[in-house]
Amino acid sequence: MYEHGVSKQVSPQPVKPRASARAMFRTHRLVEPNFVWRAFARFAEATPPIYKVFTWLEEKMKRQLFGCSMCAQCALPTTAYACPQTCPKQLRNGPCGGVFPDGSCEVYPEMRCVWVIAYERAEETGHVEDLRRLVRPIDHRKWGQSSWINYWRGRDEGLWTGDDALDTPASL
Amino acid sequence: MTNPGADRAQDTSNQGQRWHSRLHETLANGAFAVTAEIVPPRGASLNGIKRIATHLEEWIDAANITDGQGAVARMSSWAGSIGLLQAGVEPVMQFSCRDRNRIALQADLLGAAAVGIPNVLCLTGDHPRFGDHPDARPVFDMDSVQLLWTARTLRDEKHLLSGNKLSSSPGWFIGAVENPSAAPQRFRAERLGKKIAAGAQFFQTQFVFDVPIVERWMEQVRDLGLDQRCGIIAGVGPIRSLRALDLLSSLPGVYIPEDVAKRVRSMPPERQEQDAIDLCSETIQRLHEIPGISGVHIIASGWDDFIPEVLTRAGIGKRGERDKVATPTAGKSPSGGRNSAD
């Protein structure tokens, strides 16, 4: 937790996902918002103990798989399931200019840049288009909430643009 | 205090602060642009900046003032930029996300426009881990793409991220950076596209020592049609000594290919400076040939005479004497880009 003397909360370290992008894209279909998930999300929000247990489970699972730190505004579906919040600069829109030619992170050179990992996974699964979307700044009030419940409640809709926004400029 | 930009041409038709940007004009006219990088002092005087500015004035279109480059604390880039204005050189204010949250970013951006800074270069910024304050809290509330998007929103939509209206809007020429040699190289042209979509009108690159990498990158940029929508200024600089070679090689994002390193190592010490000029001038000439490259950004790292010497050697000459590059393109004109202000 305190490697390099810096808390991961303040300066995260890149995490290589422990699940393949292909498997994750498949799994995602199961959690897409539908009548059941929306009803569950409303119920959980109205029932604090359920919300707490559900969020705890979500955190356990996503921390293990992706190094999730519970920003509650999950970008994973647009990054081939490599978490951009594990980038030491917490970049949401792609790699910085300091990545070494061999793909290692500029801040933790012994680790691989999480955006290089994301790009390779996106290429493998035909999802490079996703990386072209413009991603809006996150809402820091939401840390610790359940991103799944936020997703089912439709709060994720403005997180990124629908396409590369080159033809129709998007509002921030 | 008198406004240091008061004598500069100003278009008041938009009510806000729309300072004339010579860099914008140069790129729009299809002339070869030259910018220089000036590192502000670790101290409280503008004299050094003004001295360098006076020395370079007739050679460059504009000069960048870095913003805590390498995560080392120095004078702020907006203050350095005012120093440049006072010395008659157009500033490009570098502006990074490392030290400010979105409130401070917007506040400083508005302040920069108010004092007459016509160009802003939006960056993510170097991580504090390798700077002189490794104990500092890294902020990174936004990334460079989001910062560009914010600058464009303030200028074109005339409101803050909160939605609150601005009483007058800024009018900068908005710049960004790219590093064609950084991994994943295949994504670097697309990342340029993201920045253009967010609001970037010109780009400056990291040091180029490996021209073929830039050639490949520019091919992708042209394939995506992005060269038509922005000015692209390639970063160059001297490798003055073996020590400089080691120092540059150790910087994240700087890639020196083996043949260049070999050439520098094989030079006897007394010829190293002359060869640094030769090598850089060859690089400039090769970059000049690449369709879509609209200028060079010279990072001379404190070697004041380097810029006049290398520009003379490369046949680029002083600002008033320059040839046009191939064709001016739509995105480089003040009103041509779909994302531009007007």
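Normalised by the residues of region B:33-146, what does the relative contact order come to in percent, with Cα pairs under 8 Å and at least six apart? If you can, show how the numbers build up before the last one.
Numbers: 212 pairs, mean separation 30.1, N = 114.
That works out to 26 percent.
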Query raised in the report: Points 7 angstrom from Cα along the Cβ direction at B:K158 and A:A23: gap in nanometres?
Result: 5.5
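List every DSSP H helix in chain B whose Cα atoms extend 30 Å or more along the helix's own long axis and whose mean Kyte-Doolittle hydropathy is at least 0.0. Working shown, then result.
Working: long enough: none.
Sorted by number, there is nothing, because no helix extends far enough and scores high enough.
Where does each of B:V236, A:V53 land when they are ordered by accessible area, with a 1.4 Å probe and the largest first? Each step should come with its number before you reach the end.
Working: B:V236 0, A:V53 85 Å².
Result, largest first: A:V53, B:V236.
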Report task. With a 1.4 Å probe and every protein chain left in place, work out the accessible area per residue of region B:191-313 in Å², rounded to a whole number. Result -> 39
Query raised in the report: Using a 1.4 angstrom probe on protein heavy atoms only, which residues from region B:129-167 are buried by at least 50 Å² of accessible area when all chains are present rather than their own chain alone?
Result: B:R129, B:F140, B:D143, B:Q146, B:W149
Query raised in the report: Which one of A:T125, A:I149, A:Q73 is farthest out on the positive end of the charge dipole of chain A, using unit charges on Cβ (Lys, Arg +1; Asp, Glu -1) and the Cα centre as origin?
Result: A:I149
Report task. Can you tell me the order of A:24-32, B:168-176 when each peptide is scored by its average per-residue count of other Cβ atoms within 10 angstrom, highest first? Result -> B:168-176, A:24-32
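As a test of reading the structure, rank B:K194, B:K165 by solvent-accessible area (1.4 Å probe, protein chains only), most first. Each step should come with its number before you reach the end.
On the way: B:K194 5, B:K165 155 Å².
Largest accessible area first, the list is B:K165, B:K194.
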Query raised in the report: What do you reckon, how do A:L172, B:L85 stack up by accessible area (1.4 Å probe), largest on top?
Result: A:L172, B:L85
Report summary line: For the protein assembly as shown, the accessible surface attributable to carbon and sulfur atoms (probe 1.4 angstrom, ligands and nucleic acids excluded) amounts in percent to 52
Query raised in the report: Using the alpha carbon gyration tensor of the protein assembly as shown, what are the three equivalent-ellipsoid semi-axes (square root of 5 times each eigenvalue), largest first, in whole Å?
Result: 40, 26, 21
Query raised in the report: How high is the relative contact order of chain B, in percent, with contacts defined as C-alpha pairs under 8 Å that are six or more residues apart?
Result: 21
Report summary line: For A:R38, the accessible surface traced by a 1.4 Å probe with all protein chains present amounts, in square angstrom to the nearest 10, to 110
Requested in this report: With a 1.4 Å probe and every protein chain left in place, tell me how much accessible area A:F40 has, in Å² to the nearest 10.
Outcome: 60
Query raised in the report: In nm, what is the difference between 0.36 nm times the number of residues separating B:K262 and B:E57 and their Cα-Cα distance?
Result: 70.4 nm
Query raised in the report: Charges only on Cβ, +1 for Lys and Arg, -1 for Asp and Glu: so what's the dipole of chain B about the Cα centre, in debye to the nearest 20?
Result: 720
Report summary line: Beyond 24 Å (Cα-Cα) in this structure, taken from A:K60/A:K142; A:K142/B:K195; A:K16/B:K262; B:K50/B:K158; A:K89/B:K194; A:K89/B:K50, we find A:K142/B:K195; A:K16/B:K262; B:K50/B:K158; A:K89/B:K50
Query raised in the report: In cubic angstrom, how much convex hull volume per residue do the alpha carbon atoms of chain B span?
Result: 131
Query raised in the report: What does the charge add up to near B:R100, with Lys and Arg as +1, Asp and Glu as -1, over the other residues with Cβ less than 12 Å from its Cβ?
Result: -1
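Checking the a/c ratio against 1.5 first, then a/b against b/c, what shape does the Cα gyration tensor give for region B:110-258? If you can, show how the numbers build up before the last one.
Values: a/c = 2.15, a/b = 1.41, b/c = 1.52.
Oblate is the answer for region B:110-258, as a/c is 1.5 or above yet b/c matches or exceeds a/b.
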Requested in this report: Quick one: accessible surface of A:Y119, probe radius 1.4 Å, all protein chains present, in square angstrom to the nearest 10.
Outcome: 10
Requested in this report: List the accessible area buried at the contact between B and A, summed over both sides and calculated with a 1.4 Å probe, in Å² to the nearest 100.
Outcome: 3700
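The values are calculated or read from the model by the stated rules, or taken from the named source; none is laboratory data. Computed from a predicted model, the values in this text were never measured in an experiment. Please note: Cβ atoms are built from the backbone with ideal geometry, for glycine as well, and neighbour counts cover all protein chains shown. Areas reflect the complete protein model, heavy atoms only, side chains present, ligands, DNA and RNA absent. Shrake-Rupley method; radii C 1.70, N 1.55, O 1.52, S 1.80 Å.
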